[in-house]
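Chemist: One structure coming up, written as structure tokens, with questions to follow.
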Amino acid sequence: MRGIPAAIVAVAAARDCGDQLWLGRAPAEIASCLRFGASGAEESRIGFKQNVLRSGSCRASAGRTRLPSRQRWRSSRNSRARRRKLSASSESIRDGARKKGGIMPERSFGGAGKIGHSLLSRPERALVKAWVDRIPPWIETYHLTLLTLAWSAGNVFFGLLARGRHRFWFTGVSVMIVLQYLTDLFDGAVGRRRNTGLVKWGFFMDHFLDYVFLFSYVLAYALMGPAELTMQFMVLLGVTVGFMVLSFLSFAATNEFQIYFLGFGPTELRIVFILCNTIITVAGVQLLSSVLPFANAVCAAGLALLAFRTHRRLWRLDMAAKVRQARPADSAVRSDQ
């Protein structure tokens with residue numbers, strides 16, 4: 001039974017030494033505490049109570065020993081720096097795990113909005129504001145987007161009906177253009193108002209179906225027009241699609257989606273299409289032989305101008321980025337000198 005108090009005293013001394021080691025005490029203080037524990041174990045036969053009191057006094061004296069204020073400040077600053085470094089390294093590890101798993105870090109999506117405005121932007125906003133709440137609740141934003149497939153099929157249908165002497169059927173193509181304009185105008189507005197929009201899906205499907213509708217429109221003209229103009233229609237399709245490709249390449253480089261050029265946008269282009277349909281319907285298909293090459297030349301010149309402007313803007317952005325990257329290197333060289 002006499003060994004039990006000695007063991008208790010030794011454990012208490014070891015615990016005191018551990019506390020001092022954790023608090024950053026000097027090795028000399030820890031060694032003195034261990035010597036006290038050993039002597040307490042030898043003196044346990046004399047009296048367990050006296051040893052416990054000595055252990056308490058050793059702990060109290062050790063607790064009063066503190067680091068200088070400057071050392072404590074440096075220790076806390078180093079600990080904060082270590083925590084920040086650990087947080088940064090863990091964040092980089094998480095980013096690497098996302099990239100390996102095919103998940104890139106989230107960033108703002110530039111396709112959620114459009115840069116610039118056209119001549120008819122203000123009337124369009126007024127029209128949306130007046131009618132967006134009147135759309136039935138069972139019509140969702142994706143319904144309006146997918147209706148472009150129906151309008152594209154209508155273009156091909158009316159183009160087939162307008163062949164030969166029945167060119168007045170081509171008026172149905174103008175009706176399809178108006179319907180596609182309305183559904184394209186309200187699909188995003190409905191999603192924003194009801195908070196049901198699918199931003200990235202809507203961006204992809206909306207513009208892909210715009211291409212489908214444009215292709216069906218040119219195909220309707222090719223079906224109605226004479227066979228010798230087939231090459232001219234192919235050129236028209238290539239040039240008009242070039243405007244879409246230019247917009248998407250610029251968006252990929254800048255994360256800014258711009259579809260308005262010199263105040264001219266999709267709405268104005270639809271008006272031009274409707275005017276052309278009306279003229280061809282009234283004057284006859286023979287007019288296409290003289291008008292279509294001129295229209296292709298004008299569209300090709302506009303595409304070349306926009307491509308040059310985009311090239312010049314991206315060149316300036318890259319050169320400005322190189323200048324910003326060179327400044328820290330120059331300052332580092334000067335500091336070394």
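Chemist: Mind giving me the nanometre distance, one decimal, between the label points for VAL175 and ARG193, set 7 Å out from Cα along Cα→Cβ?
Modeler: 2.6
Chemist: Another question, then. In nanometres, what is the gap between the two model label sites at TYR211 and VAL272, each 7 Å from Cα along Cα-to-Cβ?
Modeler: In this crude label model, TYR211 to VAL272 measures out at 2.0 nm.
Chemist: In nm, to one decimal, how far is the modelled label at ALA153 from the one at MET244, with both set 7 Å along Cα→Cβ?
Modeler: 1.9
Chemist: Among ILE274, ILE280, which comes first, second and so on when ranked by fewest other beta-carbon atoms within 10 Å?
Modeler: Arranged by neighbour count, lowest to highest, ILE274, ILE280 become ILE274, ILE280.
Chemist: When you count, for each residue, the other Cβ atoms within 10 Å and take the mean per peptide, how do 146-156, 180-190 rank with the highest first?
Modeler: Working: 146-156: 18.7, 180-190: 20.5.
The peptides rank, most packed first, as 180-190, 146-156.
Chemist: Counting Lys +1, Arg +1, Asp -1, Glu -1, what net charge surrounds SER174 among other residues with beta carbon under 14 Å of its beta carbon?
Modeler: Local charge sum for SER174: +2.
Chemist: Pulled fully out, how much extra length does the chain show between ARG313 and ILE115, if you take 0.36 nm times their separation in residues and subtract their Cα-Cα distance?
Modeler: Values: separation 198, 0.36 × 198 = 71.28 nm, distance 1.46 nm.
This chain segment gains 69.8 nm when fully extended.
Chemist: With r defined as the distance between the Cβ atoms of LEU182 and ALA326 and R0 fixed at 56 Å, what FRET efficiency is calculated, to the nearest 0.05? Don't skip to the answer; put the middle values down first.
Modeler: On the way: r = 52 Å, r/R0 = 0.92.
Computed FRET efficiency for LEU182 and ALA326 comes out at 0.60.
Chemist: After finding the eigenvalues of the alpha carbon gyration tensor for region 119-328, what semi-axes result from the square roots of 5 times each, listed largest first in whole Å? Write out the running numbers ahead of the final one.
Modeler: On the way: eigenvalues 210, 135, 37 Å².
Semi-axes (√(5λ), whole Å): 32, 26, 14.
Chemist: I'd like the distance separating the alpha-carbon centroids of region 255-285 and region 150-189, in whole Å.
Modeler: 14
Each value in this text was obtained by applying a stated rule to the coordinates, not by laboratory testing. A quick note: this is a predicted structure, and the numbers were derived from the prediction, not measured. Ideal geometry is used to build each Cβ from the backbone, glycine not excepted, and the neighbour counts take in all protein chains shown.
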